[in-house]
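What follows is a single structure, written as structure tokens, with notes after it.
The values are calculated or read from the model by the stated rules, or taken from the named source; none is laboratory data. Only a predicted model underlies this, so the values are computations on that prediction, with no experimental measurement involved. Don't worry about glycine lacking a Cβ; one is built from the backbone with ideal geometry, like all the others, and counts go over all protein chains shown. Side chains are part of the model used for accessible areas, which takes the heavy atoms of the whole protein and leaves out ligands, DNA and RNA. Shrake-Rupley method; radii C 1.70, N 1.55, O 1.52, S 1.80 Å.
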Amino acid sequence: MEFIADLHIHSYLSRATAKNLNLEHLNLWAQMKGIAVVGTGDFTHPRWFSELSQKLEPAEDGLFKLKPEFAAETAHMVPPGCKASVRFMLSVEISSIYKKDGKTRKVHNVVFIPDLELAEKFNQRLGRIGNISSDGRPILGLDSRSLLEILLETSEDAFLVPAHIWTPWFSVLGSKSGFDSLEECFDDLTTYIFAVETGLSSDPAMNWRISFLDGLTLVSNSDAHSPANLGREANLFDTELSYFAMRDALKSGDPKRFLGTLEYFAEEGKYHFDGHRKCGLRLSPVETMKNNGLCPVCGRPVTIGVMYRVEELADRKTGAKPKGAHSYTNLLPLTDILSEVLQVGPKSKKVAGAYRALVERLGPEFEIIRKTPMDDLERHGPPLLAEAINRMRNNQVRLAPGYDGEFGTISLFDDHERSQLLGQKSLFVELRAQFEKNPPKPARHCRVCRQCSSVASQASCPPLPEMPAHKLNAVSGVGRRVADGSPFTKGGLSKAPPFRKGGLGGDFILPDDLNEAQQEAVRHTGGSLLIVAGPGTGKTFTLAHRIAYLLQKGGARPEQILAVTFTNKAAQEMAGRLGKIFDDSKVLNGVTIKTFHALCLDIISLEANALGIKHAVSILSEADRTRFVKAAIQRTHDDLSVSRLEPDGISDLISKVKQLLLLPEHDLAGPVPEPLLDQFPPIYKAYQEIIHENHLLDFDDLIFETVRLFETHQAILRKYQERFCFISVDEYQDINYAQYRLIRLLAPEGHDICVIGDPDQAIYGFRGADVQYFHRFCEDYPAAKRILLEQNYRSTETILRASGQLIGVDDTRSAQKGVWSGIHGARVLTVTELPTERAEAEYIVKTIEQEVGGISHFSIQTLPPRPRPGFQGQQLVSRRSR
């Protein structure tokens with residue numbers, strides 16, 4: 001059976017531990033967490049040993065369970081979905097302080113033993129050596145080798161695991177008092193060490209860099225000082241429930257029986273980086289080396305952390321993974337996640353209440369943070385919880401490493417992201433329900449005066465003039481209209497008959513300058529496809545040839561293909577690329593290549609009746625939108641000064657909430673700043689009433705209304721799903737929530753959809769874009785194929801390496817990871833820091849003048865855009881002209 005075990009903890013009799021750290025509460029919290037086996041801790045302490053003997057009874061071989069009368073004391077506190085059997089394994093952490101090889105050594109080891117009689121015998125041996133009754137973790141002047149020898153003499157079934165082996169002050173490899181190898185510590189008994197504990201400040205990947213740890217099983221435990229901290233780190237087993245089965249799994253390292261570890265983020269550990277707590281100074285190993293190990297503030301030696309110590313002993317590069325290494329998963333405690341989501345302390349009553357509600361609804365903590373589907377998290381958790389856990393599962397966290405006894409900090413959102421994301425996923429179902437229950441009200445007979453921007457229900461101002469129908473890209477007028485029934489422009493939609501699959505047929509030869517990955521992307525048909533395209537790797541080039549291939553070989557007719565872009569320029573570029581491939585204008589006219597907003601405008605215009613739109617579809621211009629917002633402010637603040645409510649700021653907020661598909665009656669906390677929470681909803685509502693009264697839509701309504709249409713009219717949705725059988729989306733990393741919902745509606749699972757983008761170039765967060773939709777594509781479409789475009793045709797290798805370092809290519813989902821060009825140029829980049837933007841501009845001008853020999857007027861000519869690997873020329877050639 002698969003289960004979780006946390007084998008290194010303490011009791012209330014150890015220093016600095018919680019008063020309720022007793023067996024009853026350990027039994028309670030193990031169930032709340034989803035932990036099947038827990039170490040007892042502290043069995044050498046006479047009082048704790050007495051409690052263990054009194055309250056535990058034998059269970060499976062070498063394991064114990066809490067007697068029913070003691071378990072009953074906290075049974076009522078265990079949610080029904082968490083109730084489970086908990087087993088205990090006898091364990092104790094022992095601190096050995098002794099001299100060896102002329103140096104004081106301070107080493108912590110965890111001892112495990114299978115029954116109480118043997119534990120009592122072991123305690124008697126230790127009691128003759130030192131004081132085992134003053135602290136739950138006894139401090140003995142006993143060599144670690146001698147401790148191991150006593151343990152093995154007590155029982156061959158007992159075993160010892162060096163604890164948190166990298167901690168500076170108390171560990172076998174610690175920088176302050178440890179050794180440089182296990183052999184130096186345990187001498188001839190080293191072969192009896194088959195597992196080591198990595199500790200909170202390191203993870204398995206760091207330990208993989210040390211070859212003398214190969215063959216040892218890396219375990220992780222919480223070292224909990226309170227019941228609530230149980231499971232901060234833990235181990236995954238797949239064995240029968242017994243002491244001996246678990247020991248043998250650790251000893252053999254069998255990956256089918258010991259499945260790996262559940263880890264803290266190592267950066268959060270108290271000794272991950274170097275530093276000086278008194279001076280508030282955190283240093284990386286490189287910075288420590290530059291400062292010769294001294295604090296640059298006070299000049300005293302800094303505390304050398306785990307990362308530095310690993311660097312000292314490492315004989316492998318970062319990223320090395322030895323054969324037989326077990327996997328591991330980084331997790332955050334649910335209370336820490338809730339703390340960030342709710343913006344209160346992790347020990348606050350608010351977090352405690354939310355934690356309790358979640359485990360009651362969804363089961364144990366480990367089940368929630370590891371396996372619970374996103375939909376369930378959205379349904380039962382507070383806003384942002386699902387997004388937070390999704391980011392944690394994908395290691396998308398911000399890290400400030402711990403140092404010199406100070407825990408590091410891990411965050412999942414910044415303030416801007418929280419504002420953008422809060423509530424967006426969990427409220428969409430409510431949005432649909434609200435539309436169904438509360439359809440738009442009939443237009444009222446009032447107008448906004450274009451001269452004075454006031455609102456009147458009487459004819460005190462001249463009415464708005466009727467506007468002639470004109471195209472979307474017209475500039476003049478209060479609105480932009482499209483005549484009812486117009487056929488739209490090239491590539492637009494029309495009331496066409498149902499389409500058939502079939503394709504154009506004919507020969508289609510892939511061009512020679514498509515590289516292997518591009519060819520694979522072009523040829524992929526019959527399912528969802530994610531193309532992760534690094535910078536300069538030919539995204540548009542690949543997408544255009546993929547569409548061409550679908551038309552010729554993939555069974556697609558022109559009318560069945562939809563390509564969605566973000567800008568008119570991108571749409572024109574895509575059409576231009578296709579135009580170079582096809583000479584037949586009929587083919588190009590049949591393919592729909594649109595921006596999100598242009599596509600939605602066409603759909604709304606064709607389906608206006610279903611939306612209750614009785615007039616020509618009119619789009620509010622940006623200039624008049626500001627006047628309408630000002631009118632909405634005045635409508636809701638008749639007797640108040642509105643100087644604090646800037647129309648432009650309110651307009652931006654309206655746009656933001658519409659991108660989240662939120663109505664005025666929804667909970668707008670998050671996207672709307674707290675000082676405006678009371679004032680904004682009425683203004684938003686008034687603004688909506690005004691634009692409806694004037695038969696207008698604003699730019700954000702285009703996607704909003706299309707999503708509403710598809711959500712409330714399944715027949716219309718199916719019509720467009722059946723029409724657009726082949727969908728391509730460019731720059732997918734920049735979609736916002738409304739655009740994401742639109743794509744998910746048009747292309748349900750099983751649809752032929754191709755998205756392409758670069759997650760490292762997600763720069764439109766300020767307008768609601770979220771790169772998480774790119775990262776979750778393979779979750780939305782589990783059968784999706786993922787292709788990486790890695791050959792860059794634009795930059796030199798030096799530039800690519802430098803940009804990769806800035807972006808941070810440790811993220812396996814980074815498009816920058818693995819990008820290469822084969823273009824060689826200067827090997828060194830110069831980084832210059834300047835105090836102001838003006839100084840920067842002057843420096844650039846001066847540099848250019850020096851490069852071109854003082855000639856101020858020149859032009860830049862680029863070499864052919866697709867050089868092949870091995871190209872040795874310069875990337876840019878300057879050509880002087882007067």
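Would you pick out the residues in segment 269-319 that are assigned to a helix (DSSP H, G or I), at pLDDT below 90 and either polar (S, T, N, Q) or surrounded by 13 or more Cβ atoms within 10 Å (Cβ to Cβ) (or both)?
Hits for segment 269-319 are ARG277, CYS279.
When both residues are 6+ apart or on different chains and their Cβ atoms are under 9 Å apart, which pairs have a first residue that lies in segment 539-550 and is within 14 Å of GLY576 (Cα to Cα), and a second that is among the hydroxyl-bearing types (Ser, Thr, Tyr) and open to solvent by less than 10 Å² (accessible area, probe 1.4 Å)?
LEU543/SER728; ILE547/SER728
Would you point out which residue out of ASP42, ASP61 is among the acidic types (Asp, Glu), closer than 23 Å to LEU151 by Cα and in contact with a strand residue (DSSP E or B) (Cβ under 6 Å, 6 or more places away or on another chain)?
Exactly one of ASP42, ASP61 is among the acidic types (Asp, Glu), closer than 23 Å to LEU151 by Cα and in contact with a strand residue (DSSP E or B) (Cβ under 6 Å, 6 or more places away or on another chain), namely ASP42.
Name the pairs: first residue in segment 55-83 and modelled with pLDDT under 95, second residue part of a loop (DSSP other than H, G, I, E, B) and open to solvent by less than 10 Å² (accessible area, probe 1.4 Å), Cβ to Cβ under 7 Å, at least 6 apart or on different chains?
Qualifying pairs under 7 Å: GLY81/GLY363.
Matching residues to (1) surrounded by 19 or more Cβ atoms within 10 Å (Cβ to Cβ); (2) in a helix (DSSP H, G or I):
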| site | (1), (2) |
| --- | --- |
| TYR549 | yes, yes |
| LEU562 | yes, no |
| LYS569 | no, yes |
| MET574 | yes, yes |
| LYS580 | no, yes |
| ASN589 | no, yes |
| LYS594 | yes, no |
| LEU601 | yes, yes |
| ASN609 | no, yes |
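Identify, by number, the condition in (1) touching a Pro at 6+ places or on another chain (Cβ under 7 Å); (2) within 30 Å of ASP180 (Cα to Cα) that ASP336 doesn't meet.
Looking at each condition in turn, ASP336 falls short on (2).
Filtering segment 44-78 down to residues that are under 18 Å from LEU230 (Cα atoms) and part of a loop (DSSP other than H, G, I, E, B), which residue is most open to solvent (accessible area, probe 1.4 Å)?
Selected residue: MET77.
Of ASP238, ASP254, which residue is in contact with a helix residue (DSSP H, G or I) (Cβ under 9 Å, 6 or more places away or on another chain), more than 27 Å from THR318 (Cα to Cα) and open to solvent by 10 Å² or more (accessible area, probe 1.4 Å)?
ASP238
ALA84: of a type in the set (A, V, I, L, M, F, W, C), open to solvent by 10 Å² or more (accessible area, probe 1.4 Å) and touching a Pro at 6+ places or on another chain (Cβ under 9 Å), yes or no?
yes
Could you run through segment 1-43 and say how many residues are among the basic types (Lys, Arg) and either assigned to a helix (DSSP H, G or I) or in contact with a Phe, Trp or Tyr (Cβ under 7 Å, 6 or more places away or on another chain) (or both)?
Residues flagged as among the basic types (Lys, Arg) and either assigned to a helix (DSSP H, G or I) or in contact with a Phe, Trp or Tyr (Cβ under 7 Å, 6 or more places away or on another chain) (or both) within segment 1-43 amount to 2.
For segment 258-268, name all the residues that are among the aromatic types (Phe, Trp, Tyr) and modelled with pLDDT of 90 or more.
PHE258, PHE265
Would you point out the residue of segment 357-379, among those that are touching a residue at least 40 places away in the same chain (Cβ under 8 Å) and farther than 22 Å from GLU2 by Cβ, that is surrounded by the most Cβ atoms within 10 Å (Cβ to Cβ)?
GLU378
Across segment 160-191, what is the total count of residues that are surrounded by fewer than 19 Cβ atoms within 10 Å (Cβ to Cβ), touching a Phe, Trp or Tyr at 6+ places or on another chain (Cβ under 7 Å) and modelled with pLDDT of 95 or more?
Adding up the residues that qualify gives 1.
Which condition number in (1) in contact (Cβ under 8 Å) with a residue 24 or more places away in the chain; (2) open to solvent by 50 Å² or more (accessible area, probe 1.4 Å); (3) not in a helix (DSSP H, G or I) is the one that ASP678 fails?
(1)
Name, by its number, the condition in (1) under 28 Å from LEU717 (Cα atoms); (2) surrounded by 23 or more Cβ atoms within 10 Å (Cβ to Cβ); (3) more than 25 Å from the chain's Cα centre (by Cα) that does not hold for LEU662.
So LEU662 meets the others, but not (3).
Look at LEU334 and say whether it is among the aliphatic types (A, V, I, L, M) and open to solvent by 70 Å² or more (accessible area, probe 1.4 Å).
no
Of the residues GLY505, GLY536, GLY526, which single one is surrounded by fewer than 23 Cβ atoms within 10 Å (Cβ to Cβ) and modelled with pLDDT under 75?
Step by step, each of GLY505, GLY536, GLY526 is checked, and only GLY505 is surrounded by fewer than 23 Cβ atoms within 10 Å (Cβ to Cβ) and modelled with pLDDT under 75.
So, in segment 711-744, how many residues would count as being under 28 Å from PRO759 (Cα atoms), open to solvent by less than 20 Å² (accessible area, probe 1.4 Å) and part of a helix (DSSP H, G or I)?
Residues flagged as under 28 Å from PRO759 (Cα atoms), open to solvent by less than 20 Å² (accessible area, probe 1.4 Å) and part of a helix (DSSP H, G or I) within segment 711-744 amount to 9.
Across segment 2-18, what is the number of residues that are among the charged types (D, E, K, R) and either under 22 Å from GLY34 (Cβ atoms) or modelled with pLDDT of 95 or more (or both)?
2
In segment 619-639, is there at least one residue being open to solvent by 30 Å² or more (accessible area, probe 1.4 Å) and part of a loop (DSSP other than H, G, I, E, B)?
Yes, the conditions are met somewhere in segment 619-639.
For segment 380-408: of the residues being among the aliphatic types (A, V, I, L, M) and either in contact with a Phe, Trp or Tyr (Cβ under 8 Å, 6 or more places away or on another chain) or not in a helix (DSSP H, G or I) (or both), which is surrounded by the fewest Cβ atoms within 10 Å (Cβ to Cβ)?
Step by step, filter segment 380-408, then rank; the result is LEU399.
Kindly evaluate PRO748 against the criterion of being in a helix (DSSP H, G or I) and open to solvent by 30 Å² or more (accessible area, probe 1.4 Å).
no
Tell me, which residue of segment 229-247 that is within 21 Å of ALA163 (Cβ to Cβ) and not in a loop (DSSP other than H, G, I, E, B) is modelled with the lowest pLDDT?
Ranking the qualifying residues of segment 229-247, first place goes to ASN229.
Does segment 760-768 contain any residue that is crowded, with 23+ Cβ neighbours inside 10 Å and under 21 Å from LEU653 (Cβ atoms)?
Checked segment 760-768: at least one residue is crowded, with 23+ Cβ neighbours inside 10 Å and under 21 Å from LEU653 (Cβ atoms).
Read through the list (1) within 18 Å of THR74 (Cα to Cα); (2) among the small types (Gly, Ala, Ser); (3) open to solvent by less than 10 Å² (accessible area, probe 1.4 Å), then give the number of the only condition that ALA36 fails.
(3)
Here are GLN714, GLN739, GLN733, GLN721: which of them is of a type in the set (S, T, N, Q) and within 13 Å of LEU599 (Cα to Cα)?
GLN739
Filter segment 115-154 for residues that are outside any helix (DSSP H, G or I) and of a type in the set (S, T, N, Q) and give the result.
Those that are outside any helix (DSSP H, G or I) and of a type in the set (S, T, N, Q): ASN131, SER133, SER134.
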